[in-house]
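Colleague: For reference, the structure I am asking about is given below.
The values are calculated or read from the model by the stated rules, or taken from the named source; none is laboratory data. What you see is a predicted model; the values in this text were computed from it and never measured. Positions of Cβ are generated from backbone atoms using ideal geometry, with glycine treated the same way; all protein chains shown enter the neighbour counts. When the accessible area is computed, the model is the full protein with side chains, heavy atoms only, and any ligands, DNA or RNA have been set aside. Shrake-Rupley method; radii C 1.70, N 1.55, O 1.52, S 1.80 Å.
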Amino acid sequence: QVSPGLRTPRVPVWLCSVSGRHGVLFGTDSRLLSDWKYERIFHLYFCSGQQEQTRTAHLTIDTHSHRWEEAQRSPCSPGRRRPALEMAIRTKWAGATISWNGTDPFF
């Protein structure tokens with residue numbers, strides 16, 4: 001029998017398959033599940049269990065940033081590739097700016 005905590009998680013949790021690798025993307029703020037106002041700036045964590053990932057990636061998601069602000073922080077060419085994890089996050093929060101907080105983005 002599946003426990004109620006697994007059927008209805010208390011914090012946001014997504015099982016991901018990004019570029020053929022599996023991982024868990026999760027948040028620690030339960031308010032993200034019930035109140036859209038907390039989706040302005042929030043933190044998510046990603047853990048893949050792969051040997052090359054030595055620590056959990058801490059990501060800051062800003063859903064109300066502007067594209068020109070992102071361009072000022074990191075210059076990019078029109079053909080610049082984005083990490084697959086960022087693209088997966090943007091399927092839920094289109095146009096969000098994602099900060100890796102010192103972790104090297106991985107594809």
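Colleague: Apply the Karplus parameterisation 6.51 cos²θ - 1.76 cosθ + 1.60, with θ equal to phi minus 60°, to every residue of the stretch 8-13 and state each ³J(HN,Hα) to the nearest whole Hz, in sequence, with x for glycine and proline.
Modeller: So the Karplus estimates, Gly and Pro as x, are 10, x, 8, 10, x, 9 Hz.
Colleague: Beyond 14 Å, how much of the Cα-Cα pair distribution for the stretch 1-47 remains, as a whole percent?
Modeller: On the way: 615 of 1081 pairs.
In whole percent, the long-distance tail amounts to 57.
Colleague: S19 accessible area, nearest 10 Å², 1.4 Å probe?
Modeller: That residue has around 80 Å² of solvent-accessible surface.
Colleague: Ignoring everything but the protein chains, give the 1.4 Å probe accessible area of T54 in square angstrom, nearest 10.
Modeller: 130 Å²
Colleague: Quick one: 3J(HN,Hα) in Hz for the stretch 58-63, Karplus 6.51/-1.76/1.60 with θ = phi - 60°, rounded, Gly and Pro as x.
Modeller: 9, 10, 10, 9, 10, 8
Colleague: Run the simple label-point estimate for H22 and H43 please: 7 Å along Cα→C-beta, distance reported in nm.
Modeller: Going from the H22 label point to the H43 one covers 2.7 nm.
Colleague: Can you give the FRET efficiency for D29 and Q53, using 1/(1 + (r/R0)^6), R0 = 25 Å, r = Cβ-Cβ distance, to the nearest 0.05? Write down the numbers at each step before the final one.
Modeller: Values: r = 23 Å, r/R0 = 0.90.
According to the calculation, E is roughly 0.65.
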